[in-house]
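Take this structure, written in structure tokens, and hold onto it; I'll ask about it next.
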Amino acid sequence: MSALSGPGTEGDSEILKQRAALKRKMSEVLTAVAKVYLTDCAEERNAQGICEELLDQSLLYDPDNPESTQALADLRMSQGRRGEALLMVRRTIDICGALEEGFLPSYDFRCVTARLLVELSQYELAEGVLVELVSEDDQDTEVWYLLGLCCLLLGQPRKCREALTEAKTLLERSPHASEATLMEQISALLERRAISEQEKTQFWNPRWWINDDGTADSSASAGSAANDDAELRRDTVLSETSILLKTPSKAPGHLAGAEFASIPEEPDDARMLLSV
């Protein structure tokens, strides 16, 4: 009996591995499309609703996809739902902390994590991520600036000055007209020994294009040199979303902070692939 069950068990194990890998890939693709609705397609009608459905679907395939949970945190911030956003950021950090040794989230991913933490006033956590980032790339002006702002909000003016001086030096080496505002903000912060929580958005507002009601400001991108590229990406995503998107049943996005259950039955559009 054991001789007969051995090969079958090995074959079943391989199929399960393939199914798991395909689920992860489906989750990654859905999350990538959802992110476009947070940026280039933010002005589309019901963009946030479509983004949320895509992320819910992604989390059905892979509840432990940190890209999905972080994107959901980003969406919640755009919706003004800070409490749920914080839960999703913490969930993201927990997932990344459980990764096997040698597996580290990308630099860009951790930059987004740091930005979200600063937005959510989690300055000590943000400082730790930002210090790690500048140790990997000391030529990133935005990271130095954000570290300086974070330190000032933590009541650490000396560390703030050191970080902002690094950012200013980098800007002076390669001055760019588009970075004039950042230079002004650095100069203004260097004159301060402290700023209040309410003053933070005067020096850093990553959601300047979001209206008070959570919708995108259609005038924000007017005249942008990137409009043509954005339109092209927008058209591509809109044409492909109908293939990927189906209305999900209950998913983690609707239950932020609740226990993440095991993945339910696969959506119809993937059953054929996952049954191989």
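A short reminder: the numbers here are calculations on the coordinates, not readings from a lab. Just so it is clear, the structure is predicted and the values come from calculations on it, not from any experiment. Here the Cβ positions follow ideal geometry from the backbone for every residue, glycine too, while neighbour counts run over all protein chains shown.
Indicate the gyration tensor shape class of the range 31-89 (rounded, prolate or oblate), computed on the Cα atoms with a ≥ b ≥ c the square roots of the eigenvalues: a/c under 1.5 is rounded; otherwise a/b larger than b/c is prolate and the rest oblate. Intermediate results must be reported in sequence, preceding the final value.
Details: a/c = 1.99, a/b = 1.17, b/c = 1.70.
Cα axes put the range 31-89 in the oblate bin.
Let me ask another. Between beta-carbons, use under 10 Å as the cut-off and find the net charge around M183, counting Lys and Arg +1, Asp and Glu -1. Please list the in-between numbers first.
Numbers: positive: K168; negative: E172, E179, E184.
In short, -2.
DSSP loop GluC sites (Glu not before Pro) in the range 79-172 with at most 11 other Cβ atoms within 10 Å of their Cβ, which ones?
Numbers: sites: E84, E100, E101, E119, E124, E127, E132, E136, E142, E162, E166, E172; in loops: E100, E101.
Here the sparse-neighbourhood loop sites are E100, E101.
Another question about this same structure. Compute, for the range 106-209, the length of the dipole vector about the Cα centre, with Cβ point charges of +1 (Lys, Arg) and -1 (Asp, Glu) only. Units Debye, rounded to 20. Don't skip to the answer; put the middle values down first.
Working: 11 positive and 18 negative charges, 70 e Å.
Roughly 340 debye for the range 106-209.
If you place +1 on the Cβ of every Lys and Arg, -1 on the Cβ of every Asp and Glu, and leave all else neutral, what size is the dipole of the range 1-129 about its Cα centre, to the nearest 20 Debye?
Working: 14 positive and 22 negative charges, 35 e Å.
Here the size comes out at about 160 debye.
Further, regarding this structure: Just to confirm a number: summing +1 for Lys and Arg and -1 for Asp and Glu over residues other than T69 whose beta-carbon lies under 12 angstrom from that of T69, what do you get?
On the way: positive: R76, R90, R91; negative: D56, D62, D64, E67, D74, E84, D94.
Local net charge: -4.
Right, next: In the range 28-121, which chymotrypsin sites (Phe, Trp or Tyr not before Pro) fall in coil by DSSP and have 14 or fewer other Cβ atoms within 10 Å? Display every interim value, and only then the final one.
Numbers: sites: Y37, Y61, F103, Y107, F109; in loops: F103.
Here the sparse-neighbourhood loop sites are F103.
Treating only the Cβ atoms of Lys and Arg (+1) and Asp and Glu (-1) as charged, compute the dipole magnitude of the range 85-133 about its Cα centre; round to the nearest 20 debye.
200
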